[in-house]
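Read through the structure below, which is laid out as structure tokens, and then see the notes.
The values are calculated or read from the model by the stated rules, or taken from the named source; none is laboratory data. Note that the structure is predicted; figures quoted are calculated from it, not measured. Positions of Cβ are backbone-derived with ideal geometry, glycine not excepted, and every protein chain shown enters the neighbour counts.
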Amino acid sequence: MSRKEDGGGWGYNRHPMLEAKKLAARRGFSRLFTGLSFRVASGEALVVTGANGSGKTTLLRMLAGLTAPEAGEIQWHGKQVGSFDRELRAAVAFSGHLPALKDGLTAEENLASLVALEGSPASRDAIAHALDAVALSRQRNLPARVLSQGQRRRIGLARLSLAARPLWVLDEPLAALDAAGSALLARMVGRHLANGGVAVIATHAPLGLPESRLASLVLS
Amino acid sequence: MAATLAIAPERNDTAWPALRWAVARDVKLALRSRAELGVQLLFYVVVASLFPLATTPERSTLTLIGPGVLWVAALLASLLSLPRLFAADHADGTLEQIALSPYPLVALVGGKIVAHWLTTGLPLVVIAPLVGLQYALDEETLSVLAAALLIGTPILSLLGAIGAALTLGLRSSGGLVALLILPLYVPVLVFGAGAVEAARTGLGASAHLSLLGAGLLIACVGAPFAAAAAVRIALD
């Protein structure tokens, strides 16, 4: 995207794009975290790590706008955003534990459907090209039912590459991906950050990205 | 100006594409699993056919109970198909993506409701006059039955969507949806069966059909918003 070039007016590099102020979350009666504050600037990725049950998924769902925080606020471009905020919805690409694929649709139809839902319908050629980039061109007409977990993940990667969203929120993106898939993800995130995007990634495994672009957040 | 638009696209004009996306996708998915649709339709035929077997083959009794039975069967068949509306999308994560879409959620949910009616309500409208033949109803009564179902079944889908969305993620959601939604279905049942009964006795069904139509308009305005709000609560 050409956002960085023409975007001087809204301060990509002067302000943090994503900022959390004193966030708190609770699951049932147990408190997951309180007073959590951080900033992620344009071109930076926040890598969230922590033990199972430490609240990584909850934090990511908050940042994507799916869950309202118990306390604190989230700011996107210096403006407070609530859950399901319209500006946030137009900016975020969320990839959670669930693949959002329909077993009855083919890989190509699934991808086309997801991209159209994001408000940026892609041509058949663009879809085919994106599937080719994630090494699924031979499986494009197979129903998602017969695809392996890793191949399903790759459809998600193709979706990320087509969506052109400034904020990526990825929950365990490496799960079920093989070495080539992980390298592909690292390349895609690297390109996204180089274009001035922001990413928040919960992971247990190293991503293989240059340290200078990474900020780390450990939940305990 | 252009930059502002890029950051916060004005999405007021996008209700129509959102509706189209949801209708096209859900109808396509439903047609890929035609067996499920067949089950619902067959259920309707079987339930409506049980009553002549269980009561009496006598003509006068059958025409008397026919309108009510045909409508109760339609209500039950509608309940049977409600879990299809959101539960599958909730289970595979599509509902998260739908809720995070820049399109208005109300339009997407509305499209899903339209698709649900096209694939479950409309077939009932078509088949009900055939099933009604067992109840010795005359031609005019049967056409009023079809008209009443044509207006009434969309209300069932609209109200049912609220119940289906409210019970998302619960373990025994099927039974709970029935308890939650059946009371709301009662006015539809009263005026729907009333229309058929009025046509049978020669009183004229237009009053009942008008009231059903008014109910449909109210449900159209309110139900998608309520269902969309319930979907967001279910995801939180």
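Note on region B:56-70: among residues that are of a type in the set (S, T, N, Q) and assigned to a helix (DSSP H, G or I), the one that is farthest from the other protein chains (Cβ to nearest Cβ) is B:Ser60. Looking at (1) under 29 Å from A:Pro206 (Cβ atoms); (2) surrounded by fewer than 19 Cβ atoms within 10 Å (Cβ to Cβ), which one does A:Glu70 not meet, given that it meets all the others? If we test A:Glu70 against (1) under 29 Å from A:Pro206 (Cβ atoms); (2) surrounded by fewer than 19 Cβ atoms within 10 Å (Cβ to Cβ), just (1) comes out false.
Of the conditions (1) at pLDDT below 90; (2) more than 14 Å from chain A (Cβ to nearest Cβ), B:Ser49 clears all except one; give me its number. It fails just one condition, (1).
Scan region A:70-80 and give yes if some residue there is within 11 Å of another protein chain (Cβ to nearest Cβ) and either free of Cβ contacts under 8 Å to residues at least 12 places away in the same chain or touching a helix residue (DSSP H, G or I) at 6+ places or on another chain (Cβ under 6 Å) (or both), otherwise no.
yes
Of (1) surrounded by fewer than 17 Cβ atoms within 10 Å (Cβ to Cβ); (2) at the interface with chain B (Cβ under 8 Å from one of its Cβ atoms), A:Ser83 satisfies all except one. Which? With (1) surrounded by fewer than 17 Cβ atoms within 10 Å (Cβ to Cβ); (2) at the interface with chain B (Cβ under 8 Å from one of its Cβ atoms) applied to A:Ser83, the lone miss is (1).
Of the candidates A:Ala93, A:Ala45, the single residue that is in contact with a strand residue (DSSP E or B) (Cβ under 8 Å, 6 or more places away or on another chain), within 11 Å of chain B (Cβ to nearest Cβ), closer than 20 Å to A:Leu174 by Cβ and modelled with pLDDT of 90 or more is A:Ala93.
Among the candidates B:Ala77, B:Ala73, B:Ala30, B:Ala91, which residue alone is within 14 Å of chain A (Cβ to nearest Cβ), closer than 30 Å to B:Phe191 by Cα and either of a type outside the set (S, T, N, Q) or out of contact with any Gly (no Cβ under 9 Å at 6 or more places or on another chain) (or both)? That would be B:Ala30, the only listed residue that is within 14 Å of chain A (Cβ to nearest Cβ), closer than 30 Å to B:Phe191 by Cα and either of a type outside the set (S, T, N, Q) or out of contact with any Gly (no Cβ under 9 Å at 6 or more places or on another chain) (or both).
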